[in-house]
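Have a look at the structure below before the remarks.
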Amino acid sequence: MLALAVDAAQAAGRILMEHFGRLRPSDISSKGVRRDLVTAADVASERELVARLRAAFPTHRIEAEEEVRDARAEDESEELRWFLDPLDGTINFVHQLPAFAVSMGLMRGATPLVGVVHAPRLDETFAARRGGGATLNGQPIAVSRCEALADAILATGFPYRRSELPHDNLANFSSFFHEVRGIRRMGSAAVDLAYVAAGRFDGFWELHLAPHDVAAGALLVREAGGVVSDADGGENWLRGGHIVAAPAALHGRIAARIQH
């Protein structure tokens, strides 16, 4: 399943690159909020992923960002479900910034089994399977050894509907601003989580996320030796809307500050 996911993500990435820098105004629209964009590339990438998964695993369910959302099984604890983000970082893609990715995560109930984050513009494929470690382009990766917030580079993001929400994440950003070495806002939660897994970032938190944003990246972080939870330290990170991912030495200190 991991090998097929890697092949599918890379094929979808090639489709994205065929559109990169070539989008026409008619290829771009918004999903109710002006900032929340969808493009012809998102849709073409998702259709490629779905077609490959349907052919290989016809009994698996799929929950994708744009077009496909299979009903849940009666016994969700044993359900095999793929969470797909065919283009995480659409705004970056539209503006020809390189931080965007194809994200594919397979869950059995609440247990992550397979995760792939492929960043085609950067030619980087992050992959993991449960119990098998995490890799970048086939080489093992691990979370950072950072133990102090003063030495940490953290990553986060902000919701599209930030002007409408009680917690827009700005207060959380400010609470770390003067203490940490730096804070980055890449514009792709999948890339952020992959970078935590690779030790490039020392931690990541974000609010108002969807399952397709985090399913793959969470497994990458865990298999790279990190800790993933919701902002309360629990296990509701997939559908709870908020997530904290970091090495064990920093995770609790980050989560303790997050208001949501």
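The values are calculated or read from the model by the stated rules, or taken from the named source; none is laboratory data. Please read these numbers as outputs of a predicted model, since none were measured by experiment. Note that we place each Cβ from the backbone using ideal geometry, even for glycine, and neighbour counts take in every protein chain shown.
Yes/no matrix, rows are residues, columns are (1) under 18 Å from residue 98 (Cα atoms); (2) β-branched (Val, Ile, Thr); (3) modelled with pLDDT under 95:
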{"site": "1", "(1), (2), (3)": "no, no, no"}
{"site": "4", "(1), (2), (3)": "no, no, no"}
{"site": "10", "(1), (2), (3)": "yes, no, no"}
{"site": "15", "(1), (2), (3)": "yes, yes, no"}
{"site": "20", "(1), (2), (3)": "yes, no, no"}
{"site": "27", "(1), (2), (3)": "no, no, yes"}
{"site": "30", "(1), (2), (3)": "no, no, yes"}
{"site": "39", "(1), (2), (3)": "yes, yes, yes"}
{"site": "51", "(1), (2), (3)": "no, no, no"}
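Per-residue answers, yes or no, for (1) closer than 17 Å to residue 238 by Cα; (2) touching a residue at least 60 places away in the same chain (Cβ under 8 Å); (3) of a type in the set (A, V, I, L, M, F, W, C):
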residue	(1), (2), (3)
65	yes, yes, no
105	yes, yes, no
118	no, yes, no
121	no, yes, no
133	no, yes, no
146	no, yes, yes
151	no, no, no
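Looking at region 205-229, I want the residues that are in the same structural domain as residue 161 (by TED's automatic domain parsing) and have a partner that is surrounded by fewer than 21 Cβ atoms within 10 Å (Cβ to Cβ) and among the aliphatic types (A, V, I, L, M) with Cβ atoms under 6 Å, at least 6 apart or on another chain. Which pairs are those?
Pairs that qualify, where the first residue is in the same structural domain as residue 161 (by TED's automatic domain parsing) and the partner is surrounded by fewer than 21 Cβ atoms within 10 Å (Cβ to Cβ) and among the aliphatic types (A, V, I, L, M), are 224/142; 225/142; 227/248.
For (1) surrounded by 13 or more Cβ atoms within 10 Å (Cβ to Cβ); (2) under 20 Å from residue 137 (Cα atoms), each residue gets a yes or a no:
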site: 1; (1), (2): yes, yes
site: 6; (1), (2): yes, yes
site: 10; (1), (2): yes, yes
site: 24; (1), (2): no, no
site: 89; (1), (2): yes, no
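Against the definition (in contact (Cβ under 8 Å) with a residue 40 or more places away in the chain, of a type outside the set (Lys, Arg) and over 14 Å from residue 13 (Cβ atoms)), how does residue 114 come out, yes or no?
Here the answer is yes, as residue 114 does meet what is asked.
Scan region 124-145 residue by residue and report those that are in a loop (DSSP other than H, G, I, E, B) and either under 15 Å from the mean Cα position of the chain (by Cα) or surrounded by fewer than 20 Cβ atoms within 10 Å (Cβ to Cβ) (or both).
Across region 124-145, the qualifying residues are 130, 131, 132, 133, 137, 138, 142, 145.
Could you tell me how many of the residues in region 226-260 are more than 23 Å from residue 103 (Cβ to Cβ) and surrounded by fewer than 21 Cβ atoms within 10 Å (Cβ to Cβ)?
Residues that pass the stated criteria total 9.
For region 166-260, which fully contained helices (runs of 4 or more DSSP H) count at least 1 residues that are among the β-branched types (Val, Ile, Thr)?
Fully inside region 166-260 and qualifying: 189-197, 211-223, 248-255.
What number of residues within region 63-80 are surrounded by fewer than 20 Cβ atoms within 10 Å (Cβ to Cβ) and not in a loop (DSSP other than H, G, I, E, B)?
Adding up the residues that qualify gives 6.
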